[in-house]
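For reference, the structure discussed in these notes is given below.
The values are calculated or read from the model by the stated rules, or taken from the named source; none is laboratory data. Here the structure is a predicted model, which means the values were calculated and not measured. Reconstructed Cβ throughout: ideal geometry from the backbone, glycine too, with neighbour counts over all protein chains shown. Remember, those area values only see protein heavy atoms, side chains included, never the ligands or the DNA or RNA. Shrake-Rupley method; radii C 1.70, N 1.55, O 1.52, S 1.80 Å.
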Amino acid sequence: MTKRVAVFISGSGSNMQKLLESMKDDHPARACVVLSNDPRAGGLDIAEAAGVPTEVVRHEPFKGDRVAFEHALTGALAHHAPDLICLAGFMRRLTAGFVDPWRGRMLNIHPSLLPKYRGLNTHRRALEAGDAVHGCTVHEVTAALDDGPILGQAEVHVLPDDTEATLAARVLEQEHLLYPAVLARFAGGDRRPVMLR
Ligand code: GAR
């Protein structure tokens, strides 16, 4: 049966857009909702233009009460009945209370070759470390930050004159290839990692 996918975003939503574009024809999944914690997220317009329902659950009113925010997320998802959640640039940390019931059914994309550079400023950290190879990872979400079984990685060669911006742009190009490839395989029941080199 076709899997229903909720995509969580916080910003421009370019990865979300690539996921939406990929879910057609004989793809084993379809987007059922795009949810943002920020009403200004550019990705909301993209989702609406694509005819996908959107939800906004702002985090500020909860003033750091993550559990209450997550109850609101669960409430917003309820009538969309997703089977899977794809975090696509969703910049809020989720607690075990939300993550654990979705274990094995929630994916995230992160702009580094995990387990390197969990957290923020991944491109700067790769440059500062003098890495020759950088990239991105799609993984199953666990309650630990940017952790969980790896479902795919794409490598990007670091060039001598790379800046944070040029490196980020080339990694993002790979994210746009990797995430749809992983989702198609995962939603079809195959958890073998996708490795793009
Ligand atoms: C992407 O580079 C994604 O990997 C990153 O945010 C960007 C969102 O861009 N996610 C994280 O850093 C999560 N830890 P997008 O909104 O254009 O897809």
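Observations, loosely collected:
- Take the Cα radius of gyration of the chain and divide it by 2.2 N^0.38 Å, N being the number of residues; the result is 0.99.
- Cα-based radius of gyration for segment 54-150, normalised by 2.2 N^0.38 Å, reads 1.19.
- Each residue of segment 173-190 is assigned a 3J(HN,Hα), and the resulting list reads 4, 6, 4, 5, 8, 5, 5, x, 5, 5, 4, 4, 5, 5, 5, x, x, 10 Hz, derived from the Karplus form 6.51 cos²θ - 1.76 cosθ + 1.60 (θ = phi - 60°), x at Gly and Pro.
- In order through segment 82-95: 3J(HN,Hα) via Karplus (6.51 cos²θ - 1.76 cosθ + 1.60), integer Hz, x for Gly, Pro: x, 9, 10, 10, 10, 7, 9, x, 8, 9, 10, 6, 10, 8
- By DSSP, the beta bridges lying fully in segment 1-149 are antiparallel in about 20 percent of cases.
- Whole-Hz ³J(HN,Hα) from phi, Karplus 6.51 cos²θ - 1.76 cosθ + 1.60, for segment 11-20, glycine and proline x: x, 5, x, 5, 5, 4, 4, 5, 5, 4
- Long-range HN-HN contacts of L114 with modeled amide H, under 5 Å: T137
- Taking the protein heavy atoms of the chain in the context of the full set of protein chains, the accessible area attributed to carbon and sulfur is 54 percent at 1.4 Å.
- Based on protein heavy atoms only, segment 44-179 ends up with 48 Å² per residue of surface accessible to a 1.4 Å probe.
- The chain - charge dipole about Cα centre, Lys and Arg +1 at Cβ, Asp and Glu -1, debye rounded to 20: 420
- Across segment 42-110, Cα-Cα pairs more than 21 Å apart make up 26 percent of the total.
- Mean-position separation - Cα centroids, segment 115-183 and segment 65-99, in angstrom: 23
- Summary value for segment 1-149: 22 percent relative contact order, contacts being C-alpha pairs under 8 angstrom separated by 6+ residues.
- A dipole drawn for the chain from +1 and -1 charges on Cβ atoms has a positive end, and of A76, M1, L20 the residue lying farthest that way is M1.
- The dipole here belongs to segment 82-197: it is taken about the Cα centre, uses +1 on the Cβ of Lys and Arg and -1 on the Cβ of Asp and Glu, and is about 320 debye.
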